[in-house]
Amino acid sequence: MAYISDINPDLILTYTVIQQQADTLCDFLERSQKKYDNTDPHDRNYLFLSIRNQFNAQQFEINYNQRSENRVLRAAQLIFLNKICFNGLYRLNSKGEFNVPHGKYSHPKIADPENITAVSTFLQNVEIKHADYTDCLNKVTSNSFVYFDPPYKPLGKTANFTTYTETELTDRE
């Protein structure tokens, strides 16, 4: 048995869409790939910003618990943004808006149906839950393998970024 949880509702939604609607997600991603590839390189930042603005505008409208095409679109947008943004970074501002800039890649691989299908197959026997890391502790036994993804520590005195979501995750958490 495997269990995945995270406090990021969009990450959990994306895992769930990959698990349950991989083919539809691949269709969305292939259309996004074609659109990006056919966009003049000088205009790709505008496309990125357009998708980012749509993603941010929908954050309070999406029903994370109901299976719908809107969920697939949101998962596709998250994957698109992750593949196109600077260094594949996921970061939200204090308003809960994705705010990473465009990464300006020449040939990013947005659509990867083989990988999506493989991950979907793997996720078939995985319980996926939007939850705090402490919620999984009651599932842990002496035979469990547990991995807690820690916050990223700043590497130097000038690198002090620690806020990946609208709330800061400190050493205490």
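Read-outs throughout are calculated quantities, based only on the coordinates presented, and are distinct from any laboratory measurement. Every value quoted in this text rests on a predicted model; they were computed, and no experiment measured them. Backbone-built Cβ (ideal geometry, glycine too); neighbour counts: all protein chains shown.
Key figures for this structure:
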| quantity | calculated |
| --- | --- |
| Mean residue ellipticity (222 nm) of the chain, computed from DSSP H runs ≥ 4 via -39,500 (n - 2.57), nearest 500 | -13000 deg cm²/dmol |
| The stretch 2-139: relative contact order in percent, alpha carbon pairs under 8 Å with at least 6 residues between | 46 percent |
| Net charge dipole size for the chain [Lys, Arg +1 and Asp, Glu -1 on Cβ; Debye, nearest 20] | 340 debye |
| Loop trypsin sites (Lys or Arg not before Pro), the stretch 52-152 (other Cβ atoms within 10 Å of the site Cβ: 10 or fewer; DSSP) | K95, K109 |
| Along the chain, longest interval not containing exposed chymotrypsin sites (Phe, Trp or Tyr not before Pro), exposed being DSSP loop plus at most 16 other Cβ atoms within 10 Å | 1-59 |
| Among [x] 19.6, 70; [y] 17.3, 69; [z] 17.1, 55, the entry derived from the coordinates for Rg and Dmax of the Cα atoms in Å | [z] |
| Farthest positive-ward along the stretch 17-105 dipole, Cα basis, beta-carbon charges - from Q20, I62, Q33 | I62 |
| Cα centroid separation - the stretch 60-79 against the stretch 95-129, whole Å | 13 Å |
| ³J(HN,Hα), Karplus 6.51/-1.76/1.60, whole Hz, each residue of the stretch 37-45, x for Gly, Pro | 4, 8, 8, 3, x, 6, 9, 5, 4 |
| Karplus 3J(HN,Hα) series, Hz, for the stretch 125-131 with 6.51 cos²θ - 1.76 cosθ + 1.60 (x for Gly, Pro) | 10, 10, 7, 10, 9, 7, 7 |
